[in-house]
Every structure is written in structure tokens, then in C-alpha cells.
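The structure appears right after this line, and notes come after that.
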Amino acid sequence: MSYLRDMESKEIILDSVDTYNKLFGLPTFHPLVTVVDLKEATRTFERGRMKYGLYALFLKNGISCSIKYGRKQYDYQEGTVVSFSPGQTVEVDMIPGNPVHDVLGLLFHPDLIFGTPLADKIHEFSFFDYSQMESLHLSEDERAQFLHCLAMIKEETQHPVDNHSAALIAANIQLLLEYLHRFYDRQFITRHKVNSGIVAQFERDLKECFHEPRQSLPSVAYFASRANLTPGYFGDLVRKETGSSPKDLITLHLVNEAKHLLTMSDADVSMIAYRLGFEYPAHFSRMFKRATGQSPTDYRVAVANARG
């Protein structure tokens, strides 16, 4: 196997299936999708940065490389799956002295799924955004199902192209993604103890963030970063644990804090809006009315009348 040693300072643009296959010396059977087995690679590289223009899933059977997204190391050990989506850039370091890379993967170009049911559903597979921390740890049964789906996709890519090819390949990819969605749900359940601690810290952070006047509204990304998770993974974790999205919980807390300030002080509504982090008081009033059915002023008057 030959090594490319000049990739360290370069960014590899993976804008096509053929680009990826040529990087590893693999054949291209279909221009928009490929199933790869890196044990069959005839070339590789020691390290480099890859910018994806493709969707990609990789099952790592052995420990032969480390992957970094931003400043975070992937939770990516033996028997795990990671996923990438167009626009993501990762750093890859091959482990020295290990020429065999026991990695299986699926890569497909966004153009493949246009005009298919998968195009309308691809955004629902939020694990493509779990870029920073969490990979999927498969059981033996789950691994067998993953490999079965890959085999079906590979068989179809090597079939002569006809009017049914794109639909069948997209359908098989969607089947694999549905299984991964199920497997991630299982992983959320088995990690309940750890995840419940993350949610508890989120709730504490929510309570603390309004102790002092804010310059801006708290975002899901802000709380996710405090948990060292991506917004996508953090959002799904909180939803699985609580039944509500982080955004809904932030809004609920924001409304409750607004109610407290409206009833416990005579401050002008605009001053309360600024204190909570709203740039424009009108935005605060719309949010409050959407959540409660009353404007901030009407709510304040109603509570004052009820208290006599």
C-alpha cells in the first residue's frame, strides 16, 4: 500500500464519490454513491483535513485512526459508526504502524437523492449533525443489520443503471438511516444515567442564566457548548429525556422569568425585555403573547386584578 505524505498541510475537498475513491485507490462503480472497504485500499495518507461535499457513514471495526472535528476528538473507537454531512471538515490521523484500515463506509452525493422520498426526509436524520462528540456504538445484532444494508446498496450500485436504479439505491440508503435512527434511540436509553445528568445541568444553567441582566437571549448552541456536545446531539438527548426540545424549555423558562419580573416590579415592559436579553421589546411582546395568549401589559394587569 502506498502512502501520501504531503496531505498534512492541505485540505482535501471531497466533492465527489470518485474523488474519495481515488484518494484510497478504490474503484468507482457509480458516480453518486459508493460502498467502501478500506481494507481493499491501495493507497492512503498519514494525516490530513477533509472537507466533505458528500454524506458519509463509516463503521470502524478496528482502531487505526483518530478523527477530530474542530478542537474535539470523536468518541470513535472499535465497533462504532460516525456520520458526516456536506460542509463538515474533519482532521484525520492514521495510527503509525497500522497499514490495514478496517473501516467500512457509505458515501453518497446529495444529487443522488433529489426527487426521491429521502430528499424530503434527510433532515430528520439528525445524527448527521452529531459531529463533535458522539458516535454510535453498535451491538453485534445492530452491526449485522448495518452490514446487510451496506451489502444491498453495494449490490445495486454494481447493477447496470436503469430507470429504477436511483429509486432503489435511495430506498436502501433510507432503510439504513432508519435503522441507525433506531439504534441511536437505543443508545439514548442505555445512557440514561449519563444523559439525565446532562439534562439536570441544563436545568441548573437555565435557572442561573437570568440571575443577571443579559446582553442576548440564551441559545440551544450556548447550552450545548456548556455540555461539550453539538446542538444536534444535545437537542435529541434533551428531547429523549424530557419529551420537550431545548428550545421549548428555554422559552418556558424565559416566559416564567418574564412573569416573575412583570408581577414583582413596576419596571417598564421594554426594560424587562432588555434585561432578559431581547434586542427589541416588540420581539419580547410577541413571544410572550404567543406563549401565554396575553400581552405582557395585559398579563400584569390581570394578575394585579386577581390579587385585588
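Quick one: which of 171-178, 229-236 comes out on top by average Cβ neighbours within 10 Å, and what's the full order, highest first?
Numbers: 171-178: 19.1, 229-236: 21.8.
The peptides rank, most packed first, as 229-236, 171-178.
Summing -39500 (n - 2.57) over the DSSP H runs of n ≥ 4 in the chain and dividing by its residue number, what mean residue ellipticity at 222 nm do you reach, to the nearest 500 deg cm²/dmol?
Details: 11 runs with 144 residues, N = 308.
Computed mean residue ellipticity for the chain: -15000 deg cm²/dmol.
Which label marks the calculated value of Rg and Dmax of the Cα atoms in Å, given the options [x] 21.2, 66; [y] 22.8, 79; [z] 24.3, 84?
Read-out taken from this structure: [z].
Considering only protein heavy atoms, what per residue accessible area in square angstrom results for the chain with a 1.4 angstrom probe? Display every interim value, and only then the final one.
Working: 15720 Å² over 308 residues.
Ligands and nucleic acids excluded, the result is 51 Å² per residue.
For the chain, which whole-number percentage of the solvent-accessible area (1.4 Å probe, protein heavy atoms only) is attributable to carbon and sulfur atoms? Don't jump to the answer; show the numbers that get you there.
Details: 8110 of 15720 Å².
Here carbon and sulfur together make up 52 percent of the probe-accessible area.
Going by alpha carbons, how many degrees (0 to 90, nearest 10) lie between the helix axis of 281-292 and the longest principal axis of the chain?
Helix 281-292 sits roughly 90 degrees off the main axis of the chain.
Could you calculate the FRET efficiency of K207 with D162 from 1/(1 + (r/R0)^6), where r is the beta carbon distance between them and R0 is 45 Å, rounded to 0.05? Intermediate values should be presented prior to the final figure.
Working: r = 60 Å, r/R0 = 1.33.
E between K207 and D162, to the nearest 0.05, is 0.15.
How far, in degrees from 0 to 90, does helix 140-157 lean away from the longest principal axis of the Cα atoms of the chain, to the nearest 10?
60 degrees
Does anyone have the angle between helix 296-307 and the longest principal axis of the chain? Alpha-carbon axes, 0 to 90°, nearest 10?
50 degrees
Quick one: if the Förster radius is 22 Å, what FRET efficiency do E140 and H192 give, using the C-beta to C-beta distance and rounding to 0.05? Could the numbers behind the result be given before it?
Values: r = 22 Å, r/R0 = 0.98.
Efficiency, rounded to the nearest 0.05: 0.50.
Between R182 and V301, what FRET efficiency comes out of the Förster formula 1/(1 + (r/R0)^6) with R0 = 41 Å and r the beta carbon distance, rounded to 0.05? Please list the in-between numbers first.
Numbers: r = 51 Å, r/R0 = 1.23.
Result of the calculation: an efficiency of 0.20.
Once both labels are modelled 7 Å past Cα along the beta-carbon direction, what's the A267-A200 spacing in nm?
3.1 nm
The values are calculated or read from the model by the stated rules, or taken from the named source; none is laboratory data. These numbers were taken from a predicted model, which means no experiment stands behind them. Methodologically, a virtual Cβ is constructed for each residue, glycine included, from the backbone with ideal geometry; neighbour enumeration extends over all protein chains shown. Please note that ligands, DNA and RNA were not included when accessible areas were found on the heavy atoms of the full protein model with its side chains. Shrake-Rupley method; radii C 1.70, N 1.55, O 1.52, S 1.80 Å.
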